[in-house]
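Read the structure below first, then the notes.
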């Protein structure tokens, strides 16, 4: 066994590590060896699973069975298991140490059968197969090489060893989750308690007595938020963006059911009953102080201010620069439709 390992080390030092298929020496036998990884592309949230299978299709048992895996130091092994014909086994020796051949790597060794010791005695008999399963978590992002894995054993007085392919694993930094938080008020600016804000079955929260809610650990993305209350009803707020490591604010004002629909077209800033580019120009001129306020105004006694209902394209009950951006994105087909303030819903909406 030591002679086989020494020959392997000499081969590596003389010829270097080159990309090649796994090769078992000697060849032309009834031995099947498969090495698989779960994926070549991971994130720092993923787990790399390695499966190393040895199948004995010979007429003789395998003795002196010894396995080695070399992994980058950035990978933390969280579990390892050996099974024979699908049944987990025990009694083998498992050790690891800093690699003597590769700087920054760790060596992992499994001794399944040692003919020179009474402690480890597990032969692999004909028609048996053995699988070593390793699970490891990448601790950082980058490109990592798995330089080699090997198996050594002998059968019928013949020594076997394997030279392996070099594998490259790409690891990307996973995006940190974000949060969603805000407050729910009714049209009289009173807090709404026990209102459900829901993204999915695991991401939701109910408002407190003061109307506040908070949903944490949301993967970055664009979501539709379903808002439900046993007395107020339900609604869906679409296209809410959650950014990595940031908190998104979403406050709502629940409309008064007694307010009838108003006669305006959402996005029609200049009041000509169409939504076209001139509405953007009208709104920009108003903000520059060289144009009139938008028509179709609604006086809110709750907030004590005018709500320019038609101009409120993003539906937050205010007319500010983001409404101009929203309409431009609507023209660019980024938004499917123009929104409106729930305090002043338009007719037939």
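Only the coordinates and a few stated rules stand behind these numbers; no lab work does. Not measured: the values here are computed from a predicted model. Backbone-built Cβ (ideal geometry, glycine too); neighbour counts: all protein chains shown.
Starting from the Cα of residue 121, step 7 Å toward the Cβ, then list every residue of segment 53-90 with an amide N under 18 Å from that point. Only 61-66, 90 pass the distance filter.
The calculated Kirkwood hydrodynamic radius for segment 129-182 is 15.5 Å, given to one decimal from all distinct C-alpha pairs. Each residue, residue 87 and residue 285, gets one label point 7 Å from its Cα in the Cβ direction; the gap between the two is 8.7 nm.
Where does segment 213-293 land on Rg/Rh, using Cα atoms and the Kirkwood Rh? The Rg/Rh ratio comes out at 1.09. Given in Å, the Rg to one decimal and the Dmax to the nearest whole number for the Cα atoms of segment 93-202 are 26.9, 90. The smallest convex shape that holds all Cα atoms of segment 155-246, its convex hull, gives 179 Å³ per residue.
Taking label points 7 Å from Cα along the Cα-to-Cβ direction, residue 240 and residue 22 give a separation of 4.9 nm. Between residue 109 and residue 337, full extension at 0.36 nm per residue minus the direct alpha carbon distance yields a gain of 76.0 nm.
Here the translational diffusion coefficient of segment 38-130 follows from Stokes-Einstein with Rh set to the Kirkwood radius across Cα pairs; for 20 °C and 1.002 mPa s it amounts to 143 µm²/s.
Take the alpha carbon atoms of segment 107-171, find their center, do the same for segment 276-293, and report the distance between the two centers in whole angstrom. Spelled out, the Cα-based centre of one part sits 72 Å from the other. Calculated translational diffusion coefficient of segment 62-109 (20 °C, 1.002 mPa s; Stokes-Einstein with Kirkwood radius over alpha-carbon pairs) equals 174 µm²/s. Using Cα centres only, tell me the gap between segment 184-254 and segment 316-349 in whole Å. The two parts, judged by their Cα centres, are 19 Å apart.
Here the chain yields Rg over Rh of 1.28, to two decimals, using C-alpha coordinates and the Kirkwood radius.
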